[in-house]
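The values are calculated or read from the model by the stated rules, or taken from the named source; none is laboratory data. Predicted model, so just to flag it, every value in this text is computed and none were measured. Cβ atoms come from the backbone with ideal geometry, glycine included; neighbour counts cover every protein chain shown. Please note that ligands, DNA and RNA were not included when accessible areas were found on the heavy atoms of the full protein model with its side chains. Shrake-Rupley method; radii C 1.70, N 1.55, O 1.52, S 1.80 Å.
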Amino acid sequence: MDLEHILKETDGRSFDLFKEHVHPQFARVLKTIGFDRDYGRAEGPYLWDREGNRYLDFLAGWGALSLGRGHPDVRRVLRDVVDSDLPNWVAFDIPPLAGRLAEELLRRMPSELERVYFCNSGAECVEAAIKFARRATGHSRILYAHRAFHGLTCGALSVNGDQSFRDGFEPFLPGTGEVPLNDLEALERAFASGDVAGIIVEPVQGKGVYIATDEWMLAAQRLCRAHDALLICDEIQSGMGRCGRFLACEWTEGIDPDIVLLAKALSGGFVPVGAVLTRRWIYEKVYPTMSDSMAHACTFGMGNLAMAAGLATLHVMDRDGLVSRANELGARFKRGLDALKPRFPFLGQIRQRGLMIGIEFHEPDSLGLRGMWKLIHKMDQDLFPQAIVIPLLDDHRILTQVAGHHLDVVKLLPPLIISEDDVDWFLGAFEQVMVKLHKVPGPIWEVLKKLAKHALRRKRSAASG
């Protein structure tokens with residue numbers, strides 16, 4: 001059996017097979033918002049459907065595809081690994097590439113981190129960080145920020161600041177506590193208990209692209225030092241050059257994290273991989289003796305494909321200057337979006353770090369537009385941003401995402417290898433969508449009416465069931 005045979009067997013049936021055997025509700029979501037496209041090819045920042053139409057992917061696999069799809073340098077290295085006789089997952093051996101990737105990652109850190117634990121995903125990184133912090137400090141309490149997203153496994157969900165993900169999965173790990181992002185007084189109070197093992201922070205939050213202030217980050221660091229706790233920077237989405245520094249936390253001068261978490265883009269999106277980078281003393285607390293050498297481990301960590309993909313991704317980033325490129329293109333987005341704000345009352349704050357961009361919408365002053373805003377939000381709190389992402393895909397073939405539950409934010413996570421023309425393609429399309437959005441009645445409001453009917457139907461069904 002080869003790939004051609006497999007694809008032939010599923011041709012024209014993939015959506016129905018997925019709906020029947022994998023995830024019916026997600027299939028319904030895609031159908032409702034018109035995202036049930038049949039993509040047949042992908043390259044760089046682009047997708048093509050079966051009819052040959054080209055799409056611009058500004059979702060990039062939730063940020064994992066920093067090099068776009070099918071980057072030739074990473075593919076070449078992965079082919080070399082597959083064609084080699086390198087042993088893999090011997091389990092009781094020294095994986096041949098793990099030390100080399102660890103060395104490359106550690107030399108890019110802003111602080112004195114000296115050890116790396118490799119795993120398979122961002123959620124696994126968070127699980128490891130919770131365990132490492134508790135064992136290293138002897139304390140139990142893990143703090144996290146409101147709206148934080150650190151994964152959906154049980155431990156990670158216990159430090160997830162989005163209630164919509166938590167509902168129905170209680171009870172969570174004991175000894176966790178939420179603090180408001182950028183609230184210095186609340187942060188001080190949270191550490192007063194004296195039992196804090198660490199605080200886990202996204203320097204730029206994935207949900208809504210809310211940015212931690214320098215003052216808040218440095219206060220968290222100071223409090224950690226004063227209370228023998230650890231500062232854990234979750235850079236799973238914001239790291240690997242996404243925000244115009246190798247780590248987003250580097251925008252704060254003087255930051256010195258104890259643990260850094262990387263995943264998603266670490267392999268360029270080719271192979272699942274995660275990395276937990278820590279100080280030596282933390283690692284020695286977790287693994288103090290030879291008999292503790294398996295105190296935390298995973299079966300598929302340090303695989304040859306993942307390690308090679310990570311090394312190749314770092315090489316491409318360095319060679320092509322993608323970190324500074326993210327800053328340049330991010331500034332181009334910001335200038336273009338800010339220039340539209342005076343013309344379009346729905347447009348609010350533009351939050352941007354490199355190529356991680358949140359476009360916020362707010363209630364306008366205009367009486368007519370304000371009435372429509374209130375009506376839509378009364379129907380469903382999550383409806384309004386769909387009026388932007390749906391026509392961007394339908395009319396302009398640009399794939400974007402709504403940035404969180406009950407947040408009127410559209411998020412852009414383009415691959416770091418996009419061009420100026422790709423930025424301008426988006427800005428031109430976004431302007432056209434804004435023009436239609438601000439016409440009442442207009443074609444965008446027909447989309448919202450359709451979605452509102454689906455939302456009301458869901459609510460009635462939930463109430464009766």
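Among the residues of segment 40-73, write down those that are part of a strand (DSSP E or B), of a type outside the set (Gly, Ala, Ser) and within 24 Å of LEU427 (Cβ to Cβ).
Filtering segment 40-73 for residues part of a strand (DSSP E or B) gives 40-44, 46-49, 54-57, 69.
Applying the additional criterion that residues be of a type outside the set (Gly, Ala, Ser) yields 41, 43, 46-49, 54-57, 69.
Residues satisfying the conditions are GLU43, TYR46, LEU47, TRP48, ASP49, ARG54, TYR55, LEU56, ASP57, ARG69.
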Inset, instruction - Just give me the residues in segment 365-402 being buried (at least 18 other Cβ atoms within 10 Å of the Cβ), farther than 29 Å from GLY241 by Cα and at pLDDT 90 or above, in sequence order. - result: PRO391
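Picking from ASP228, ASP256, which residue would you name as being in a loop (DSSP other than H, G, I, E, B) and open to solvent by 50 Å² or more (accessible area, probe 1.4 Å)?
Testing whether each residue is in a loop (DSSP other than H, G, I, E, B) and open to solvent by 50 Å² or more (accessible area, probe 1.4 Å) leaves just ASP228.
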Legend entry - Extreme residue, surrounded by the fewest Cβ atoms within 10 Å (Cβ to Cβ), among residues of segment 109-131 that are touching a Leu at 6+ places or on another chain (Cβ under 8 Å) and assigned to a loop (DSSP other than H, G, I, E, B): GLU114
Inset, instruction - Search segment 262-284 for residues that are at positive phi and in contact (Cβ under 8 Å) with a residue 24 or more places away in the chain and pair each with any residue that is surrounded by fewer than 24 Cβ atoms within 10 Å (Cβ to Cβ) and among the basic types (Lys, Arg) when their beta-carbon atoms are under 8 Å apart and the residues are at least 6 apart or on different chains. - result: GLY269/ARG69
Inset, instruction - Among residues belonging to segment 406-443 that are within 25 Å of MET379 (Cβ to Cβ) and among the β-branched types (Val, Ile, Thr), point out the one that is farthest from the chain's Cα centre (by Cα). - result: VAL440
Inset, instruction - For LEU152, state whether it is touching a residue at least 12 places away in the same chain (Cβ under 8 Å) and open to solvent by 70 Å² or more (accessible area, probe 1.4 Å). - result: yes
Legend entry - Subset of segment 140-157 (residues that are more than 14 Å from ASP234 (Cβ to Cβ) and out of contact with any helix residue (DSSP H, G or I) (no Cβ under 8 Å at 6 or more places or on another chain)): ARG141, HIS146, CYS154
Inset, instruction - Kindly indicate the residue of segment 293-322 that is among the β-branched types (Val, Ile, Thr) and open to solvent by less than 40 Å² (accessible area, probe 1.4 Å) and also nearest to ALA265 (Cα to Cα) among those meeting that condition. - result: THR313
Inset, instruction - Among the candidates ARG134, ARG69, ARG79, ARG75, single out the residue that is open to solvent by 20 Å² or more (accessible area, probe 1.4 Å), among the basic types (Lys, Arg) and within 26 Å of GLY244 (Cβ to Cβ). - result: ARG69
Inset, instruction - State the number of residues belonging to segment 61-97 that are at pLDDT 90 or above, out of contact with any strand residue (DSSP E or B) (no Cβ under 9 Å at 6 or more places or on another chain) and either over 22 Å from GLY321 (Cβ atoms) or among the hydrophobic types (A, V, I, L, M, F, W, C) (or both). - result: 11
